[in-house]
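Notes follow the structure.
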Amino acid sequence: MSDETPEPPLWEQLADKSANLPQGDRLQKVLAATGWGSRRVCEDLIAEGRVTVNGDVAILGRRVNAIEDHIEVDGAPIGVRPDLVYYLLNKPVGVVTTSKDTHARPTVVELVPREPRVFSVGRLDVQTEGLLLMTNDGDLANRIAHPSHGVEKDYLAEVGNGRVSPGGLRRLREGIELEDGLTAPAKASQPEPGLLRLTIHEGRNRQVRRMCDAIGHPVRRLVRTRIGPLSDRSLAPGAWRELTTAEWKAITEAVAQGDLGYDPEL
Ligand code: URA
């Protein structure tokens, strides 16, 4: 009698394979979502052998993990397409988040390189300081700004009228009725009396200021310290830097979690 284990029948091998279907998104979907063009254009890129995954030339239909796999087009990591730029700016007080101010005040676009032209993702009030993402990638900007993606933002707020009571903190956490409706529950803590750390994922106009007004503690100073996975304590007011590839991947993943923003059937 032979010791060799006989080959399982073909139908069993196929069943085994289907149980282990590769996970992840189709490569052309990931490329399209990162701005390389329509899915058709991205399929052509793959068919032409211009796309590699972890160093291997990819074939059409390949599935990838957009965060863990290293994907390149023409030798450039997909996160750093040469024509797209991503800046993290520490906006100082007194600078407006528009490209041209009607009152001739300084604007955020004057703080970053003029070419290529970029715009801010969302906005901060003129009196608010802190992190602002600036880019010419309209697709990523739309997805970050869209409330359905729920990208969390952290703020530090120095407020007036002394220590906020436990009841005030509870109201922030439960949601506050503002003139444009109830706010989503915020994370709220008070590291020291009169200093609030707030996490929200909506982007309503002057939201933190209005929430603090509503509990009787008007904001004296407001600083945004985090946008999803992006934070940087060492960036001086007025300074900017480019996102690292890891940061780009992390923010892309953060917006992909809520709503893919593209056809999941592809
Ligand atoms: N909430 C505010 O009140 N102002 C900002 O600039 C950002 C959030």
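All other residues with a Cβ under 14 Å from the Cβ of Thr225 taken together, and with Lys, Arg as +1 and Asp, Glu as -1, what is their net charge? Residues close to Thr225 contribute a combined charge of +3.
In plain terms, if you count all Cα to Cα distances in segment 153-227 and split them into 10 Å steps from zero, the share in each step is 21, 62, 16, 0 percent.
Kirkwood hydrodynamic radius computed over segment 111-250 comes to 16.0 Å, based on all pairs of distinct alpha carbons. Going from the residue with the fewest nearby Cβ atoms within 10 Å to the one with the most, Met211, Met134 rank Met134, Met211. Exposure proxy shown here: for Thr97, Thr52, the number of other Cβ atoms within 10 Å sets the order, fewest to most, as Thr52, Thr97. Bridging of Lys91 to lysines at a Cα separation below 18 Å is possible for Lys100, Lys153, once same-chain residues fewer than 8 apart are set aside. Ignoring lysines fewer than eight residues from Lys29 along the same chain, the ones with Cα atoms less than 27 angstrom from its Cα are Lys17, Lys249.
Residue order for Val73, Val57, fewest other beta carbons within 10 angstrom first, comes to Val57, Val73.
Every number in this text was worked out from the coordinates using simple rules, so none of it is lab data. Source: prediction; values computed, not measured. In this analysis, Cβ positions are derived from the backbone assuming ideal geometry, glycine residues included, and neighbour counts consider all displayed protein chains.
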